[in-house]
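These notes are about the structure you will find just below.
Please treat every number below as a calculation from the coordinates, not as lab data. Please read these numbers as outputs of a predicted model, since none were measured by experiment. Cβ coordinates were reconstructed from backbone atoms using ideal geometry, including for glycine residues, and neighbour counts include every protein chain displayed.
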Amino acid sequence: MKLLRPRESAEAKAWETFDLLATMVAVVQPDGTCLFVNSVLESVIGMSRKALLKRSMLEWFREPAALSEAIDAVARNEFATRRFEGALRRAVVGHHEPLPVHIIVSQTEHSHTRILVEMLEIEQQTKQDREERALGQAQVTKELIRNLAHEIKNPLGGIRGAAQLLAMDLPSPELIEYTQVIIHEADRLQLLVDRLLAPHRKPHVVTDVNIHEVCERVRSLVLAEHSRGLEVVRDYDASIPEFRGDREQLIQALLNIVHNASQALAERIDAGDAQIVLRTRIARQVTIGKQRNRLALELHIQDNGPGVPESLRERIFFPLVSGREGGSGLGLTLAQTFVQQHQGMIECDSEPGRTVFKIVIPLP
């Protein structure tokens, strides 16, 4: 067994901190030889840390000249940091295309022998920026809707009460019928306001949640409504553990998404070939917002419908935005609110014939 010298042992211990990062990190010598790679880089390249150490990092890049030049310049103290784009090769089965990355080469305390190379997936960076914008927009929207709902709620009671009093004094049945229209519409608006305020009124009831029990409950409800023409396929990962959450909120969030999918599948249901797939998986090293999570639940809801219209894709989670005539536009907004209350997020990827909503929730 090889014994590390004191300085090497201290460095190795310090470098272990890089395993806590969500980005790919390597510590290299000026010639590009790897002294350390973190767990994320291991996973992305598809080789173990032991196999990567003592090998040149340059061999994992499609065009290594830029990286070699940057490492050399930083080692000679020409620059403290160099940033540029590159393409990282991978040994992972099924990933033959190089991965576009943003590379940051930085000095360390011993830059003549130790250079820090950090890599961020360009797609991941774009995704994180998009998530942050979505979270910010959702928070602003929730505050706006809550304030607006309260402002609507107060005069609605007065309108309804005045219509009831007026009905008592009117002699003509025809005129009384008009007051009933006012009362009916006031009640309809009251129901809409109650739905807008529902996520803020109900307490967050935390219990142990089995996501597959949630899926089965939603599956049975949807199949009861569509007994023919619709197939709801289970694709579950039985190893997913229970987690702490609000079971009823998660049922409602999933039901809203699946219900929307079944409505979009109306023509295929009539044709008898409509399909919704409920797929659960465990994801590792997931970043939600700015929080990195070691494990997360991924719940995919996939349908073979016509897809979300391109004009709605950027606004699909906004309240009162609906692609269906007569729709309230609240289903996905409430689903997003419930998932966010579990520190999770919802994403949508849609094209004609395939729409996937992905719910991601951190696991303990």
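Expressed in nm to one decimal, what extension gain is obtained for the pair Q291 and H226 from 0.36 nm per residue of sequence separation less their Cα-Cα distance? Don't jump to the answer; show the numbers that get you there.
Details: separation 65, 0.36 × 65 = 23.40 nm, distance 3.94 nm.
Extending this stretch completely gives an extra 19.5 nm.
Determine the distance separating the Cα centre of the stretch 63-91 from the Cα centre of the stretch 20-36; give it in Å without decimals.
The stretch 63-91 and the stretch 20-36 have Cα centres separated by 12 Å.
When a footprinting reagent is the concern and you count Cβ atoms within 10 Å, what order do S262, S227 take, fewest first? Working shown, then result.
On the way: S262 22, S227 7.
Fewest to most other Cβ atoms nearby, the residues stand as S227, S262.
Of all beta bridges DSSP finds with both residues in the stretch 207-363, what is the antiparallel percent, to the nearest 5?
Details: 31 of 37 bridges.
Expressed as a percentage, antiparallel bridges in the stretch 207-363 total about 85.
Which aspartates and glutamates, on any chain, are close to K50 with Cα under 20 Å apart, when same-chain ones fewer than 8 places away are left out?
List returned: E8, E11, E16, D19, D31, E42, E59, E118.
Cα to Cα, under 17 Å, and not fewer than 8 places away if on the same chain: which aspartates and glutamates meet these conditions relative to K153?
Partners within reach: E143, E185, D187, D194.
Working from the alpha-carbon coordinates of the stretch 6-124, get Rg over Rh, Rh being the Kirkwood radius.
Details: Rg = 13.4 Å, Rh = 14.2 Å.
For the stretch 6-124, the value is 0.94.
What distance in nm separates the two pseudo spin-label positions at L175 and E85, each 7 Å out from Cα along the beta-carbon direction?
Distance between the two pseudo-spin positions: 7.3 nm.
Rounded to the nearest 20 debye, what is the charge dipole size of the stretch 6-124 about its Cα centre when +1 sits on each Lys and Arg Cβ and -1 on each Asp and Glu Cβ? Can you show the working numbers first?
Details: 13 positive and 17 negative charges, 61 e Å.
With Lys and Arg at +1 and Asp and Glu at -1, about 300 debye.
Counting only Cα, what are the radius of gyration and maximum Cα-Cα distance Dmax of the stretch 207-363, in Å?
That works out to 15.1, 44 Å for Rg and Dmax.
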